Amino acid sequence: MTNGEPPPPTVTDLQPESVALCPGESIKFVAQTKPPSVPVTWKVAVDGGEPERVDGDENNTLVISDHGQTQVVVSASLENSRSATATWKVAGLRIDLSPGPDNNRYVITDEPRMPAITATAVGVGGAASELEWKIRVDFAARGCPPFGPDDLRTDFSLSQKGGNEITTDVFGSVVRGGFFSLSFSAQGTVNGCPAFGSRSELSLVGKKAPTAGSKSHRGCPS
């Protein structure tokens, strides 16, 4: 106290002080003051940039969402200032295919048989674990000239838990002719965060239609 005047208000705490977040997560900072509930001035510096003033929320809180930034430094100020840091982890999945497609297309073999394609999940930001896989092959008659009915569809799918790889070889001659869409997807954990990856822009083209009476799927004649 000076000349009978109370001391100026100060920021006594800012929580959390430092936090690591998964992609897509938000964080709420809370400032404490003395005396309590004095509105603070908030500033945020994004990825090493200059601090910019922002509006906080009620009760001296500030929510920061993930907008693709890597790190933010938050400060709450009165007579003094306290700062805190939030860092977003890198956590993703990339799906590599072997053999790779030719212009996003694979061709059913001469046997005829679906080609054996191996998909490998590669963690981005760390090793991938706890993987769950799905392969899906879809046939739609509307994709066949002269274009059949929309409700004529057939799909085959395969799911697998565990392992960094999955292969289409299990389909064998079940899928052997026609024009299909093909997709691979995987979800798991990378850098302690949930991660998802997919390849869904692929097509599978048959060299010939299945013969009459075949148990395999009858697709578009090629």
What is segment 10-88's relative contact order, in percent, from Cα pairs under 8 angstrom and six or more apart in sequence?
41 percent
Once amide hydrogens are built 1.01 Å from N within the peptide plane, the residues lying 5 or more places from THR33 or on another chain with amide H under 5 Å from its amide H are THR12, VAL38
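Would you mind calculating the gained length between SER157 and ARG136 on full extension (0.36 nm times residue separation, minus the Cα-Cα distance), in nm to one decimal? Please list the in-between numbers first.
Numbers: separation 21, 0.36 × 21 = 7.56 nm, distance 0.44 nm.
Result: 7.1 nm gained on full extension.
A short reminder: the numbers here are calculations on the coordinates, not readings from a lab. Predicted, not measured: the structure shown is a model, and the values here were computed from it.
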